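Have a look at the structure below before the remarks.
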There are 2 protein chains.
Amino acid sequence: MLEVACIQFDPRVGDKTYNVEHSLKLIGEAASQGAKLIVLPELCNSGYVFNDREEAYSLSEPIPEGDTTQAWTEAARKHDVYIAAGINERDNDKLYNSVVLTGPQGYIGTYRKVHLWNKEKLFFEPGDAKNPVFHTPVGRIGILNCYDVWFPESFRTCALNGAEIVAVPTNWVPMPEQKKEDLPMAVHLCMANAHSNGVFVAAADRIGTERGQSFLGHSVIIEPSGRPISGPASQDQEEIVYGSCDLSKATLSRTVSERNHVLHDRREELYEL
Amino acid sequence: MLEVACIQFDPRVGDKTYNVEHSLKLIGEAASQGAKLIVLPELCNSGYVFNDREEAYSLSEPIPEGDTTQAWTEAARKHDVYIAAGINERDNDKLYNSVVLTGPQGYIGTYRKVHLWNKEKLFFEPGDAKNPVFHTPVGRIGILNCYDVWFPESFRTCALNGAEIVAVPTNWVPMPEQKKEDLPMAVHLCMANAHSNGVFVAAADRIGTERGQSFLGHSVIIEPSGRPISGPASQDQEEIVYGSCDLSKATLSRTVSERNHVLHDRREELYEL
C-alpha cells in the first residue's frame, strides 16, 4: 500500500527562501503522518506569475545541483520518502517548467512540461521528451504538469509505459466559462483519465491569488475506478490530502469485463494523431 | 442554433416491430418539440442481450435497404429532422453494431462500432474505419457508440476531423466498482472529452433490464465547456432530453487562453500510440 500525500499551499512569487522552507515544513508534516509519496504544486519554489523572463530566470536553478533540488533530496533522505514537486529549471540558459522526482537514495529524474499554458510560453521552453514513467521501489510513477491533463494522450503515454500512479503538480487556473460553484473541469479530466487508463492520479494544486491570477486548489487523489479517494480539497485553504493507494489495483482495473481491457482494446490504426 | 434531442427508452430484445414503432412515436414527439437532430440508443431496433449469434443474426438488417433504416429515413423526411440511431447491421453475413445517420434528403451514412464490449465480440465484427464526421446542412456530426467513449482517441479523431457535435447512441452498463449513487463514469468521460476537444456531446442511453443486464440511463447533452446543458436524465425512466446547441461555440471553445488552443497545442511527436 502506497501512502500518498498531496500538499496544497500558497507559494509567494519571488520568495524562494520562504517557499522552499515552507515546503520542507509541510513535507515533514506529511511524512510524520505516514506519507511515502509526497506531491507538491507546479513551480512551488519560485511562484508562478512572473513579470518577465528576467524575473523567471532569476528564480531558476539547475537540476539536481540547485539549492531547491538539494533541499528536497535531503528531506527525502531524512524522512525516507519520495517527493514529486514543481520547480523552475534552468539548463544552460534555457528555462523549463519542470517536475523533479527525488527519493531516499537521491535524485531520480526530471519531467519538463510539454504543454505550456499561456504566458509560460514567454518564459519557458517546452519539454521535448515524452511524459516519463519512473520505476521506483514504491511503484511506477508517471508525471504530468497542470495543462498536460487537457491532453488524454499524455495520460495514455504514462499508462502504456506502465504507470500505476500519475503525480500531477499543478497550478490550475479558472477556465473560460468556469463557474465558481462547479467542480473544476481539471478534476473531471483527472477522474476520466484515471478511469479510462486504470491509473491512480495524485494532483497537488496551489491556492491563493498572485498578481491578479487566482488558483483553484481542489487537490485530489483518485483511484483507477475514477473516483476520488481523498479530496477534492478546498479552493483556498492550505491542506494536505492523504490517500492509501493499493497500486496493484491499477493494472487489475484495466480489465473492465470478461473480454475487455482498456489498453488492449485500443485500435491504434483507427486513430487520428 | 441546433436543437438536439436524446431519446432514452427501453427497447425489447427480439421485438423489432415494437422497437421501431416506439422509436417512430418518440421521434415524432421530439420533432414536435422542435428537435432537429435526434439521437437514439445503441441497437435500439433489436435490443441488446442476444442469446446467441443466431438470434443476433435474425434481428439484423442491411443498410440502407433494411426496414428500420427505411422507416427512420421516412420519419426524417416527414419531420425534416436528422436521426442518429443504433442498429443491428448485416453486411453479407457479417454483423456490425452500427449507428445509422439519416436526414430529410435521405440516408447519409453509417458508423460501425470499433470498440466492442464483452459479448458483443461473440456476435459482431469490429468496424474497421475511423470514427466518421458527417458534414450536414445542420452541422458537422461525429459519431461514437457506447464503449467508444472509454477511448479519448476516438473523441480526438472526431474533433481533428472537424466534428462540432458528437452523437453517442449507447447502452451503458454498470462498470466494476460503480456505485449506484454516483454519476456514471460514462458521463464524466463525456464531460471530460467534450471539454478537452471543444465539442458538444449528445448521448442517448437506454434504460431497463434485459435478461439480467441493467442499463444506466443518464442520457445527457454536454456543451464544449464540459458542462451538461440538459440532463443527465434518470436512470430508469423513458425520457427525452432536449438541448439548444450553438455549434459555433465548439470551434471557439478550443481557444482556451490568449496563447492556447486545445487541438493546436498537441505534441503528436511525444505521444505513445
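The values are calculated or read from the model by the stated rules, or taken from the named source; none is laboratory data. This one's a predicted model, so the numbers in the text were calculated from it and none came from an experiment. All Cβ positions, glycine included, derive from the backbone under ideal geometry; neighbour counts span all protein chains shown. Quick note on the areas: whole protein, heavy atoms, side chains included, nothing else; ligands and nucleic acids left out. Shrake-Rupley method; radii C 1.70, N 1.55, O 1.52, S 1.80 Å.
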Discussion item. Of all residues being touching a Leu at 6+ places or on another chain (Cβ under 6 Å) and buried (at least 20 other Cβ atoms within 10 Å of the Cβ) in segment A:90-115, which is nearest to the other protein chains (Cβ to nearest Cβ)? Just the residue, please.
Written reply: A:VAL114
Worksheet entry | Close pairs (6 angstrom Cβ cut-off, 6 or more residues apart or separate chains): closer than 23 Å to A:HIS195 by Cα in segment A:229-249, among the polar types (S, T, N, Q) and crowded, with 19+ Cβ neighbours inside 10 Å anywhere | A:GLY231/A:SER219; A:ALA233/A:GLN8; A:ALA233/A:SER219; A:VAL241/A:SER219; A:VAL241/A:SER230; A:TYR242/A:SER230; A:GLY243/A:SER230
Discussion item. Need pairs with beta-carbon distance below 9 Å; first residue closer than 13 Å to A:GLY86 by Cβ and in contact (Cβ under 8 Å) with a residue 24 or more places away in the chain and within segment A:3-21, second among the polar types (S, T, N, Q) and surrounded by fewer than 21 Cβ atoms within 10 Å (Cβ to Cβ); sequence gap 6+ or separate chains.
Written reply: A:CYS6/A:SER230; A:GLN8/A:SER234; A:GLN8/A:GLN237
Practice prompt. Give the residues of segment B:196-222 that are under 18 Å from B:GLY162 (Cβ atoms) and within 14 Å of chain A (Cβ to nearest Cβ), sorted by residue number.
Written response: B:SER196, B:ASN197, B:GLY198, B:VAL199, B:PHE200, B:VAL201
Fill in: Subset of segment B:177-206 (residues that are open to solvent by 10 Å² or more (accessible area, probe 1.4 Å) and over 21 Å from B:SER225 (Cα atoms))
B:GLU177, B:GLN178, B:LYS179, B:LYS180, B:GLU181, B:ASP182
Practice prompt. Among the residues of segment A:224-273, write down those that are in a strand (DSSP E or B) and within 14 Å of chain B (Cβ to nearest Cβ).
Written response: A:PRO228, A:ILE229, A:THR255, A:VAL256, A:SER257, A:ASN260, A:HIS261
Response to the item:
If we take segment B:12-80, then helices (runs of 4 or more DSSP H) inside it with 1 or more residues that are of a type in the set (Phe, Trp, Tyr) and open to solvent by less than 30 Å² (accessible area, probe 1.4 Å) are B:67-79
Worksheet item: Take the residues of segment A:138-166 that are among the charged types (D, E, K, R) and at the interface with another protein chain (Cβ under 8 Å from one of its Cβ atoms): which is farthest from A:LEU2 (Cα to Cα)?
Response: A:GLU153
Worksheet, complete the sentence: In segment A:141-160, anything of a type in the set (D, E, K, R) and within 28 Å of A:SER60 (Cα to Cα) is listed as A:ASP148
Discussion item. If a residue must be over 17 Å from the mean Cα position of the chain (by Cα) and closer than 21 Å to B:LEU2 by Cβ, how many such residues does segment B:119-137 contain?
Written reply: 1
Item to complete: Determine if segment A:116-129 includes at least one residue that is polar (S, T, N, Q), surrounded by fewer than 22 Cβ atoms within 10 Å (Cβ to Cβ), within 23 Å of A:SER46 (Cβ to Cβ) and within 8 Å of chain B (Cβ to nearest Cβ).
Response: yes
